[in-house]
Amino acid sequence: MRQEELIGWLRRIKKLALVEVGKDEEEHITKDMRKIIEFFNTLMEINVEGIEPLFMTPRKEPLTREDAPVKGMEQSEALLNAKEVINGFVKGPKTI
Amino acid sequence: MDREVLTLSGLRAKLAENPKFLYEYIEFIYDVIDAVEGKVKAFITLRSKDDVLREADRVVDKLIEGRAGRLAGALLAVKDNIVTKGLRTTCASKILSDFIPPYNATVVDRILREDAIIIGKTNMDEFAMGSTTENSAFFPTRNPWDLSRVPGGSSGGSAAAVSALEATAALGTDTGGSVRAPAAFTATVGLKPTYGLVSRYGLIAYASSMDQVGPIGRTVTDVSIILDVISGRDVKDATSTHSRGGYREATVEPFKVLHPKLRVAVIEELVVGGVEKPVKHSFLRTLRKLESNGIDVIWLNMPISRYSLPAYYIIAMAEASSNLARYDGIRYGLHESVEGRPWYEVYTNVRTRGFGKEVKHRILLGSFVLSAGYYDEYYLRASKVRKIVRDSLLAILREHDAVISPTMPVLPPKLGERIADPLKLYAIDINTVLANLAGVPAISIPSDIVNDLPVAVQLMGNEFDEVRLVALARVVEGIINLAPLVPPLVRRYV
C-alpha cells in the first residue's frame, strides 16, 4: 500500500474501532502498519483452496449446561464499578 | 531459607510436618519482597503482610486439623488479567486502573478452595499484548537474572515473582506463548494447557479461541499440582472440558504412564532460521543429553510452521478488536464525564485515553483484517492456515511422544531492544504460537544457563494428554538436572 492509501485506510478504520489517532501519530503508526501488513501478506504464498477454516479447536463435550436457574450476582455488587448509579441503573453521560 | 521448601511440593511436605512453619515462610517471602521488589517490580498490587498473615491463621488451623486443601500455604501470585473479588484487577491498562471485580475467576475460586493464599496481582503487557512485559501501562518488570533485561511476557510479573522467590508459584495466561516465554527467560517452568482444559471464566479476554490460564512454578511437579486444581469442566465457560486429573502423580512415577522407549520429534523449521547461535548450540547439547539417556530424537520438517506467526497475529488481532469493543467507560473503568457530545465521541475519548499504543495498534489492525474487502484475504485465509497447522502438528504428535524445540529463539533481550520494531517483537513468539493455533498443550522447562542467562526447551504434547506431557517433562527435567534454579539476585536468601 502507498502512504496516502494507508493514511486513508487508517482514518476509516479508526472510526470503526472508536480509537483516535492524532495527525502527529499517523506517520509513525502507518510505518508500523505497513511492515505488519507486508508480514501478513506472506500468507498469500499458500494455496488454501478447499481447506475448511478453523475458528476454534473442535470439542468432544456438549457446549450447553442444564437449563436450571442459578443465583447470580447481587445488583448492588454488579453496579460497584459504575461511576454513578440512579435507582439501580448506571448513569452515563448525556449524549446527542 | 532451606532450599527444600522453595518448591510447592517441598513446602507441602514441610507444612504437613509443622503447620506453624507457614508463619516463618510468610516472613521469609516478605523479607525477599522488601529486598528485591523495588528492582524487579513484578507486582501491580501486592497484599500487605498483615492481610496475608491473617489469612494464614485459618490455613494453619486447617493444617492442624488435617483438613487443609492441596495448595495449603502456597503464596500464589496471580496475573492481573484474572479477576479477583475485591482485589483490584487492572490488566496493566489505564482503562481498568481502578477496577475492583465483584466476582472471582473460576481458577481463583479453585485455588482458594484448596487453601492457597493470593499474595498479589502481577504485572503484564497491557491486555496480554506483548512478549516482554514492557507494554504495561504502569512500569516494566525486570528479569531477576539480569535487571537490564526483560523477563519475557506477557505473564512477566508472574514468572519474575516466582523466579525471584517472591511467590511459591503463580498463575499466568497464554495466548501465543505468554506463560512459556517468561518461564523460559526466568528459568521457571510454565505450562499452557490444552485449549478448554482450564476454565476461562473471569479471564479478561484477549483472543478467546486461544487464551488459556496456565501455572508457573519452580518444577514440573509444582505446575502439575496446580493443574490438578485449576483444570476441569466449569458451567460458566462453555468451552471448558472434563479433566482426567492425576497430573502430579504422573510426575512422581512418569514411567507408569509413558512407554519405556521415548520418541521426541524436532521440527527443523523451529531450530534453524531465527534461532540465535548460543540458544541453538545449547539446544543441540540438550538433545545429545536426551539421546545419551535413551530417548530417540527424530528430525523432521513442517513447512507450514513458517507461516504460523502471521496467521497467529491476524487471528489474535481480529479477536482482540472484537473483545476490546466492550471498553466504553460507562459501566466500569476509566470514565468520561463530558456531556452533550455524540455517543461515539464519548466512547472514542475514553478508549483513546485508556488504551496504550500496542493495544491501539492491535485493535486497528484487527478491525482492518475483519473489514469488508479484507476479511477473506486475511482473517479467513489465516483461519485456513490454522487448520493446516493443526492437522500437520497432530499428525506429528500421533507418531511421537512430543515435539521438542527451544522455547524462545533468543536469550532474554535488553529492555528496549525489541519493543521499538513490532516485527522484531513478534518474531520471538515463533516457537510458541503453534501450540495456541493447534490447541495442544505445551510446557517450557529450564534447560541451560548460557552467559549467566536462562535457556529453556519446550515440549508440545497431544491434546488433552497433559498426563503424558508432564510425565515426559519430568523425565527431561531429571536428565537436565538443574531444577530448581535460583537467580544470583536472591541466592543469599537460600
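Looking at A:Leu18, A:Leu43, A:Leu63, which one is surrounded by fewer than 17 Cβ atoms within 10 Å (Cβ to Cβ), at the interface with chain B (Cβ under 7 Å from one of its Cβ atoms), out of contact with any strand residue (DSSP E or B) (no Cβ under 7 Å at 6 or more places or on another chain) and free of Cβ contacts under 8 Å to residues at least 24 places away in the same chain?
Of the residues listed, the single one that is surrounded by fewer than 17 Cβ atoms within 10 Å (Cβ to Cβ), at the interface with chain B (Cβ under 7 Å from one of its Cβ atoms), out of contact with any strand residue (DSSP E or B) (no Cβ under 7 Å at 6 or more places or on another chain) and free of Cβ contacts under 8 Å to residues at least 24 places away in the same chain is A:Leu63.
Name the residues in region B:107-156 that are crowded, with 24+ Cβ neighbours inside 10 Å and among the polar types (S, T, N, Q), would you?
B:Thr122, B:Asn123, B:Ser131, B:Thr132, B:Thr133, B:Asn135, B:Ser136, B:Thr141, B:Asn143, B:Ser154, B:Ser155
Name every residue in region B:5-58 that is part of a loop (DSSP other than H, G, I, E, B) and either acidic (Asp, Glu) or under 25 Å from the mean Cα position of the chain (by Cα) (or both), in order of residue number.
Scanning region B:5-58 gives B:Thr7, B:Lys41, B:Ala42, B:Arg47, B:Ser48.
Quick check on region B:274-315: of everything there that is charged (D, E, K, R) and either in contact with a helix residue (DSSP H, G or I) (Cβ under 8 Å, 6 or more places away or on another chain) or assigned to a strand (DSSP E or B) (or both), which residue is farthest from the other protein chains (Cβ to nearest Cβ)?
Top of the filtered list is B:Lys289.
Do you know which residues across region A:21-30 are modelled with pLDDT under 90 and more than 10 Å from chain B (Cβ to nearest Cβ)?
A:Lys23, A:Asp24, A:Glu26, A:Glu27
If you go through region A:68-87 one residue at a time, do you hit one that is among the hydrophobic types (A, V, I, L, M, F, W, C), in contact with a Pro (Cβ under 8 Å, 6 or more places away or on another chain), loosely packed, with under 11 Cβ neighbours inside 10 Å and more than 30 Å from B:Ile388 (Cβ to Cβ)?
Checked against the condition, which is being among the hydrophobic types (A, V, I, L, M, F, W, C), in contact with a Pro (Cβ under 8 Å, 6 or more places away or on another chain), loosely packed, with under 11 Cβ neighbours inside 10 Å and more than 30 Å from B:Ile388 (Cβ to Cβ), region A:68-87 yields no hits at all.
Could we say that B:Ile267 is among the β-branched types (Val, Ile, Thr) and under 20 Å from the mean Cα position of the chain (by Cα) here?
no
Sort out which residues of region B:254-267 are loosely packed, with under 14 Cβ neighbours inside 10 Å and either touching a strand residue (DSSP E or B) at 6+ places or on another chain (Cβ under 9 Å) or within 30 Å of B:Arg200 (Cα to Cα) (or both), and write them in order of number.
Passing the criteria: B:Lys261, B:Arg263.
Counting only residues that are within 17 Å of A:Gly22 (Cβ to Cβ) and either more than 7 Å from every other protein chain (Cβ to nearest Cβ) or of a type outside the set (Ser, Thr, Tyr) (or both), which one in region B:333-351 is surrounded by the most Cβ atoms within 10 Å (Cβ to Cβ)?
Restricting to residues being within 17 Å of A:Gly22 (Cβ to Cβ) and either more than 7 Å from every other protein chain (Cβ to nearest Cβ) or of a type outside the set (Ser, Thr, Tyr) (or both), the top hit is B:Arg351.
Any residue in region B:431-440 that is outside any helix (DSSP H, G or I), buried (at least 24 other Cβ atoms within 10 Å of the Cβ), within 14 Å of chain A (Cβ to nearest Cβ) and touching a strand residue (DSSP E or B) at 6+ places or on another chain (Cβ under 6 Å)?
yes
Conditions: (1) modelled with pLDDT of 95 or more; (2) assigned to a helix (DSSP H, G or I); (3) more than 21 Å from B:Pro151 (Cβ to Cβ); (4) in contact with a helix residue (DSSP H, G or I) (Cβ under 8 Å, 6 or more places away or on another chain). B:Ile396 meets all but one. Number of the miss?
The failed condition is (4).
The values are calculated or read from the model by the stated rules, or taken from the named source; none is laboratory data. Since the model is a prediction, treat every value here as computed from it, not as a measurement. Note: ideal-geometry Cβ built from the backbone for every residue, glycine included; neighbour counts use all protein chains shown.
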